[in-house]
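Report on the structure given below.
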Amino acid sequence: MLAPAIVKQVEVRLDKLLEMCSAVDAVVVATLDGHLCAMKQREKSYSLERLATMGSTLMSLGDTITAELAMGTCDNIISENRNGVVAFMHINDDLVLVSLTTSKNSLGMLLGYSRSCAQDVAKMV
Amino acid sequence: MAHFKITTKALNKNDDVLFKSMLQIVNAQLTAEWSFHDDAEIILVDMEEREGQQFWQQQQAQRVLIAYAREKPAEATWFLPRPIRVKPLIQTLNALAAAQQFLPTAAASSTTTPATTPSISSIPSTPAIKTASPVVSTASLSQDAFDPEQSLIGLLKQAVAKQQAMCFQIAAATPLFFSAKRQQCLTAQLQLNTLAATPTHLYNVSQEQIQCEPIAETAVIKAIAEQGGQFYPLAAIIWLTALSASKGRLIVGHLLQQPVKLKHWPNLAVLPHQPHHIRLAAFMTRNSATLATVAEKTQVSIAQVVDFFNACQLEQLVEHTEQAALLNKNNVSDAKRSLFRGILKRLLQ
Amino acid sequence: MSEIKIVFTGSMGAGKTTAIAAISEIPVISTDVRATDADVLQRKETTTVAMDYGELTLEDGQKLRLYGTPGQQRFEYMWKILARGALGLVILIDNSGSDPIGELVRYIDNFREFINETSAVIGISHMDTNPEPDLQSYYSYLQERGIELPVLPVDARSSDSVVMLIQALLAMLEFG
Ligand SMILES: Nc1nc2c(ncn2[C@@H]2O[C@H](COP(=O)(O)OP(=O)(O)OP(=O)(O)O)[C@@H](O)[C@H]2O)c(=O)[nH]1
Ligand SMILES: [Mg+2]
C-alpha cells in the first residue's frame, strides 16, 4: 500500500485529470490485488471501492489472456457501453488505474488523458 | 466341503470357453468345490465390455461379482486379472470361498447353510421396510453376530487397559505394534485393497489365531526403525479390523431391521477405506434406513454394508432412529450417474 | 444437463489454487497477483483476484473443468459468476485462520441456495499445523444449523487428498 504522503500527491494528480478533461467522471487508483489507494469523482455517484476491486480482477484477467497469447503485458482494457466507457490500465506492475466517462463519444480523450495521468502516477510511487 | 456355483457375464466366446476349462483344471487345487452354472450368484464380469460394466452397475445385493479386466477396477472387491491364468484363478476363488464361508449367502449351496440359520443373506434384494420378514428380525441375535471382542480389537483394548506395549502377529506376516506411551499403533503401510484380497490376515482372524507378546516401548521404535512402517491412530486399526473381521455379520446387540443413520462422516482422511465406503457415508449421513435399504439404494452388497456399519458403530457414529426417513432423491438422471462414474474413473486413474 | 464443472471456494490461503494445480492435467490458468494485505502476507506472497482454472479429460473426451474462486471477501462478486451451472462445490477452510468456523459459516450462507440445489463438501486444510478446532467442533456447529455435509481434513498439496474430497462430493451428489 502507498504511504499517506504519496496518496496525497496521487490525489492531486487525479484532481488535475478531472480538471483537464471534462469528459472524465471518475477515476480510481487500486492495487492489483484489489485495494483502493486513491479516488476522485465529480459527483458522489459511484461506489469506487467496488470498482477498484473489480478493476484488479479485470486487469489480471487481461494479463492472463495476453500472457497466454504471448503478447506481453496488457496495457488497457476498454469497456464500451450504452451509457459510457470504462478504461482499465496498468500504472506499473502493482497498480491499476480505472477511469470512466458517461459520454459515449469521448473514448479517445478518456484514454489519452488517463494514460498520461497513469505515467505521472508511476513516477510518484 | 462347501460347494460354489459360478457363471460369467459379457465374456467373449474364447474367454468363456477358456474359463470353463480352466475351472475344471484347477478344481483339485481349490479349497471348495466349484462348478459352472448359468444361474449362479457368483459371476465373473468382463469389465472391459460395455455390457459387463452396465451389468456391474446394476449389481444386486445377493450376488457376488468378480471383475475381469487388465487392471483392478477401484469399485471391485473381487478381481481376476486378464488374461486368465491358473495361479490368480486359484487365489481368487479360494479367497472368495474363505470369505463366503463366514457369510453364507445365496451364492453358496444350501448344504453349507442350514435353512434354519437366520443370516443377513435372507433379506430380499429389494426389501421394503414394512415387509421385512420375521427371519430378518432375529438375525442380529444369532451366533452369526460379529463380536469385536473376539477379534484383534479385544486384544488391543486389553493392551490399552493394561498400558502395555504389545506386538501382534499371525504366522510370518508383518507384525502390528501397539505403543502404550503414544496410544498409537505402528506397522508397515496398510492397504485395504490388498488386505481385502488376502484370505487371512491379522485384522480378520479370531483372537486365538493371533500371537500377542508384551514388549518394551523401546523395542517398538527399534522394530519399526529396522522394518519401516508408520504410526496409525488406534481408531484406524479398530476401524480396519471391524471392516475386515465382520465378514458380513452384524455386530452383537444390533437388530437388522432397526433404521439407522450416521451422525456425521467417518474421518476418511485417517480411516482406511474403499470407494464403496464413500457412497455409504454419503447415503447414511443423509437418510435414516435399515441396512437392507442402504444396500439396495447404494448398490453395495449387504455384506459390505454390514461391515461398514459395524466399523461406524465402533467409531460411535451410529444413531438409531424410530422410523426410516428417506430423502426423495429422484433428480439424478442416468446420464448424470454415468457422468459421475466417468469422473470418478478419471480421478482414480 | 449442467456444465461439467466443479468449483473450489473458501477462505483466503486455504489452498484453492494449490488444490486445482495438484490435480489439473493442464498448467493452471491462474490470476494470482502479489498480495498487499498484511494478513495474507503473513502466510503467502500471492492471492487470486479473478479465478483459477484447471482441466481433466474424461475417457469419452469431455472435459471436467475446475474453477477456483478468489478467497477474499472483497472479490465476492466473482463467487456467483464462477459457481453458475457447476455440478457442486468444494469449500476449503484454512484451519490456521483466526476464526475458521466463522469463515465456513460465511461461505455456506453465501452459497446456501446453490448447495441446496446441488451439494458441497468441506475440506479443512492446515490441520497438520493447526489441529484446533477439530472436526467435531465443525460438525457440532453444522448440526446446530441442520446441515449434513461431509467435513474432511485435506492437504491441498496432495492430489490424493484433493481427489478424496471430490469423491465425497460425487457421492453426495448421487447418494446424499
Ligand atoms: N502446512 C500446510 N500447508 C498447506 C496445506 N494446504 C495448503 N497449504 C499451503 O497453503 C498455501 C495455500 O495457498 P493458495 O493455494 O494460494 O490458497 P488460496 O486458497 O488459493 O488463497 P486465495 O486465492 O488467496 O484465496 C500454499 O502455500 C500451500 O502450499 C496443508 O494442509 N498444510
Ligand atoms: Mg487462490
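The values are calculated or read from the model by the stated rules, or taken from the named source; none is laboratory data. Predicted model, so just to flag it, every value in this text is computed and none were measured. Cβ sites come from the backbone with ideal geometry, for glycine too, and all protein chains shown count toward neighbours. Keep in mind that these areas ignore ligands, DNA and RNA; they rest on the heavy atoms of the full protein, side chains included. Shrake-Rupley method; radii C 1.70, N 1.55, O 1.52, S 1.80 Å.
Side notes on the structure shown:
- Normalised by the number of residues in chain B, the average gap of Cα pairs under 8 Å and 6 or more apart makes the relative contact order 16 percent.
- Note on chain B: with a GNM built from Cα contacts shorter than 10 Å, the maximum mean-square fluctuation among B:Ala219, B:Ala165, B:Ala145 falls on B:Ala219.
- Within chain A, longest stretch clear of exposed trypsin sites (Lys or Arg not before Pro) (DSSP loop, no more than 13 other Cβ within 10 Å): A:1-41
- Along chain C, longest interval not containing exposed trypsin sites (Lys or Arg not before Pro), exposed being DSSP loop plus at most 15 other Cβ atoms within 10 Å: C:85-144
- Within a straight-line Cα-Cα reach of under 29 Å, A:Lys104 can be paired with the following lysines, leaving aside sequence neighbours fewer than 8 residues apart in one chain: A:Lys16, A:Lys40, A:Lys44.
- Taking every alpha-carbon pair within chain B, the share separated by more than 40 Å comes to 14 percent.
- Modelled label reach - B:Lys263, point 7 Å along Cα→Cβ, the stretch B:297-328 residues with backbone N closer than 19 Å: B:308-323
- Förster radius 22 Å - calculated FRET efficiency between A:Met1 and C:Lys44, Cβ distance, rounded to 0.05: 0.80
- DSSP beta bridge pairing in the stretch B:3-110, given as percent antiparallel to the nearest 5: 5
- Sulfur and carbon atoms: percent of accessible area, the stretch B:42-93 [1.4 Å]: 44
- Averaged over the residues of A:51-58, the number of partner chain Cβ atoms lying within 10 Å of the residue Cβ comes to 5.
- For B:Glu213 and B:Gln189, the FRET efficiency from 1/(1 + (r/R0)^6), where r spans their Cβ atoms and R0 equals 25 Å, is about 0.65.
- Relative compactness, the stretch B:194-349, computed as alpha-carbon Rg over 2.2 N^0.38 Å: 1.22
- Solvent-accessible area buried by pairing B with C, both sides, nearest 100 square angstrom, 1.4 angstrom probe: 3000
- Whole-number percent relative contact order across the stretch A:4-124, with pairs defined as alpha carbons under 8 Å at least 6 apart: 27
- The stretch B:285-349 and the stretch C:49-84: distance between their alpha carbon centers, rounded to Å: 28
- Per residue of peptide C:40-51, the mean number of Cβ atoms on other chains within 10 Å of the residue Cβ is 3.
- Per the accessible-area calculation with a 1.4 Å probe, the total area buried between chain C and chain A rounds to 1200 Å².
- Straight-distance crosslink candidates among aspartates and glutamates, where the alpha carbon sits under 14 Å from B:Lys261 and sequence neighbours closer than 8 are dropped: B:Glu315, B:Glu319, B:Glu322, C:Glu148
- Taking a ≥ b ≥ c as the square roots of the eigenvalues of the Cα gyration tensor, the stretch A:1-117 is classed as oblate, since a/c reaches at least 1.5 and a/b does not exceed b/c.
- Averaged over peptide A:24-35, the number of partner chain Cβ atoms lying within 10 Å of each residue's Cβ comes to 4.
- Of the GluC sites (Glu not before Pro) found in the stretch C:45-151, the ones in coil according to DSSP and having at most 12 other Cβ atoms within 10 Å of their Cβ are C:Glu45, C:Glu59.
- Calculated FRET efficiency, C:Ser137 to B:Asn328, Cβ-Cβ distance, R0 = 30 Å: about 0.45 to the nearest 0.05.
- Distance between the 7 Å Cα→Cβ label points at B:Ala172 and A:Thr102: 8.9 nm.
- DSSP bridge orientation in the protein assembly as shown - percent antiparallel, rounded to nearest 5: 60
- Relative contact order %, the stretch C:24-176, counting alpha carbon pairs below 8 Å whose residues are six or more apart: 16
- Loop-located GluC sites (Glu not before Pro) across the stretch B:268-349 with a Cβ neighbour count of 13 or fewer within 10 Å are B:Glu322, with loop assigned by DSSP.
- Selected from B:Ala173, B:Ala74, B:Ala289 as most flexible by GNM, with chain B as the system and alpha-carbon contacts under 10 Å: B:Ala173
- Ellipsoid fit via the Cα gyration tensor, the protein assembly as shown: semi-axes of 58, 27, 22 Å, each the root of five times an eigenvalue, largest first.
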